[in-house]
Amino acid sequence: MTLARPAPSLRFQYDPLLQRLLWLFAASGVIAFIEPSPYEVFFILFAPLSILGGLNLHRSLVGIFVLWIILLVAGFLALMPYLDDGDAKVYQLLSLYLVITLFLFAMYFSDKTQPRLEMALKGYTLGCVVITALSLIIYSGLLGLNTGLVSKYEGRLSATFKDPNVYGSYLILAACYLAQSIFLKRARYFLLQTASLFIVLIGVFLSFSRGSWGATFLAVLMVLSLSFLTCGSAYLRRRMIMLVAAGFFAGVIGFVGLLSVQHTRELLLDRFTLTKDYDEGPEGRFGNQQRSIPMLLDRPLGFGPLRYRNIFYLDPHNSYINSFASFGWLGGFAWFSIVGWTLYVGFRLVWMASPYRQLAQIVWPALFVILMQGFQIDIDHWRQIYLLFGATWGLEAARLKWLRQTAIDRAQARYEPSSFLPHIRPA
């Protein structure tokens, strides 16, 4: 007698679909030369669907969300005297939109953290690799296309971004993800991951962004150091040492090869200075910053959003000064509080043992170095930092949930009735 097989389940798999949409959302962030960009389009799709799927506001997120709300409120208060300034209004509305993406990411990543964040990192990294590879082909002239499509400033590679500095720093998270994957993860993808990392690092180099060079080097070094110190495997540590040595020699060969191109060599010599003409002097970047501080001490509401340039004819190129300039005293202190609290949480995430430490060792180094870049460039509206802030706090919420559940499980195990019974060995 043959039993009938049960009919296949027709239940709609909502979360896997949402994760694939997240993959597209994260991958599209690399396209930034058009407005609105595909990133905004995918956000419009992803936000309501993720809310319908069920987002939880965990109590560990409330405090940091309040600080971001204070920052936004301060910005709108500072905007009040300049409502006729269209650029200032757009700046503040864009700030509001980016903070909303941060809230969404933080709540979404705080549940089902591992698969969701892994999917976002895969999409983000693939977008960086594909766009950089295509841009390098155009940049090299192999297709006979106008290289100005991907290099808008003195031959510096900017790919699909308007600014090579932003492009170079956008690749940092992809470099961190690929570096950790090569050292700790799937060996069958080793060659593909190594080639992808090589492409990303060439993209960073050809952006000729001094800040991106230093930030990428420090972020990858942090990833490797943290992985080495916390992996707990002598085999993996030996593997890391060998791969670092091999990578160093490969990097030297690649660097020499790039220097053999005259245009690249000239750009490198031009960029390889600590300061440029526009940095120095009383009306240079640093001079303007020094002059702005006494003025801001007399203005509780700051200069207003995006109005620093109206006074000094240059942007501040320092997000910590700009927090007071654009959002006033209240916003400036809120921003410093956000950064300080996130520094504490980020370093705790990458060091304390938890199921989320390995993911944190990708996300936090990338965010940390960009926050350090904020002292020499305006990072306020870099979309990737809101993804990184959201991921960092989502990981923290997940870690705290895990700690609470672990404590509950231990307490229950301690007071199980069977634990009080004598253990009888079988005969």
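The values are calculated or read from the model by the stated rules, or taken from the named source; none is laboratory data. Remember, predicted model here, so these are calculated numbers, not experimental data. When we count neighbours, we look across all protein chains shown, and the Cβ atoms used for this are built from the backbone with ideal geometry, even at glycine. We work out accessible area using only protein heavy atoms, side chains counted, and drop any ligands, DNA or RNA first. Shrake-Rupley method; radii C 1.70, N 1.55, O 1.52, S 1.80 Å.
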Expected sort for 395-401, 314-320, 359-365, 14-20 on mean C-beta neighbours within 10 Å, highest first, is 359-365, 395-401, 314-320, 14-20
Share of carbon and sulfur in the accessible heavy-atom surface of the chain [1.4 Å probe, %]: 69 percent
With every protein chain present, what is the per residue accessible area of the chain (1.4 Å probe, Å²)? 51 Å²
Among LEU218, LEU229, ALA159, the residue whose Cα sits farthest towards the positive end of the charge dipole of segment 150-237 (+1 at Cβ of Lys and Arg, -1 at Cβ of Asp and Glu, taken about the Cα centre) is LEU229
Compute, for segment 84-172, the length of the dipole vector about the Cα centre, with Cβ point charges of +1 (Lys, Arg) and -1 (Asp, Glu) only. Units Debye, rounded to 20. 320 debye
For the chain, the longest principal axis of the Cα atoms and the Cα long axis of helix 172-184 enclose an angle in degrees, to the nearest 10, of 40 degrees
Ordered by packing density, taken as the mean number of other Cβ atoms within 10 Å over each peptide's residues, highest first, how do 90-101, 144-155 rank? 90-101, 144-155
Taking a ≥ b ≥ c as the square roots of the Cα gyration tensor eigenvalues, with a/c under 1.5 meaning rounded and otherwise prolate when a/b beats b/c or oblate if not, segment 111-160 comes out prolate
Heavy atoms only, probe 1.4 angstrom, no DNA, RNA or ligands counted: give me HIS381, HIS58 ranked by accessible area, highest first. HIS381, HIS58
Give me the count of lysine pairs in the chain whose alpha carbons sit under 20 angstrom apart, restricted to pairs 8 or more positions apart or on different chains. 5
Quotient of Cα Rg and 2.2 N^0.38 Å for segment 109-260, N being how many residues it contains: 1.09
Would you tally the net charge around ARG59, using a Cβ to Cβ cut-off of less than 14 Å, leaving ARG59 out, and scoring K and R as +1, D and E as -1? +1
Going by average Cβ density within 10 Å per residue, which order do the peptides 405-414, 159-168, 335-344, 69-78 take, highest to lowest? 159-168, 69-78, 335-344, 405-414
Averaging 1/r across every pair of distinct alpha carbons in segment 20-120 and inverting yields a Kirkwood hydrodynamic radius, in angstrom, of 15.2 Å
Helical contribution to [θ] at 222 nm, DSSP H n ≥ 4, -39,500 (n - 2.57), averaged over the chain, rounded to 500: -23500 deg cm²/dmol
For PHE105, PHE375, PHE42, give the ranking by accessible area with the largest first, probe 1.4 Å. PHE375, PHE42, PHE105
Karplus-derived HN-Hα couplings along segment 215-222 (A = 6.51, B = -1.76, C = 1.60, θ = phi - 60°), whole Hz, x at Gly and Pro: 5, 5, 4, 5, 5, 5, 4, 5
Quick note, segment 357-409: a/c under 1.5 would make it rounded; otherwise a/b > b/c is prolate and the rest oblate (a ≥ b ≥ c, C-alpha gyration tensor); here it is prolate
Using all alpha carbons of the chain, what is the percent of pairwise distances in each 10 Å bin, ordered from the shortest bin to the longest? 4, 19, 28, 25, 15, 5, 3, 1, 0, 0
Give, as a single signed number, the net charge of other residues whose beta carbon lies under 14 Å from the beta carbon of LEU395, with Lys and Arg counted +1 and Asp and Glu -1. +3
Measure nothing but the geometry: give the 0 to 90° angle between the long axis through the Cα atoms of 38-53 and the longest principal axis through the Cα atoms of the chain, rounded to 10°. 30 degrees
Using the Karplus equation 6.51 cos²θ - 1.76 cosθ + 1.60 (θ = phi - 60°), what ³J(HN,Hα) coupling, rounded to whole Hz, does each residue of segment 293-299 give in order, writing x for Gly and Pro? 4, x, 5, 5, 5, 9, 10
From the phi of every residue in segment 329-342, what ³J(HN,Hα) in whole Hz does the Karplus formula 6.51 cos²θ - 1.76 cosθ + 1.60 yield, where θ is phi - 60° and glycine or proline is x? 4, 4, x, x, 5, 5, 5, 5, 5, 4, 5, x, 5, 5
Charge context of TYR308, other residues only, Cβ under 10 angstrom, K/R +1, D/E -1: 0
Only Lys, Arg (+1) and Asp, Glu (-1) charged, at Cβ; the chain dipole about Cα centre in debye: 1940 debye
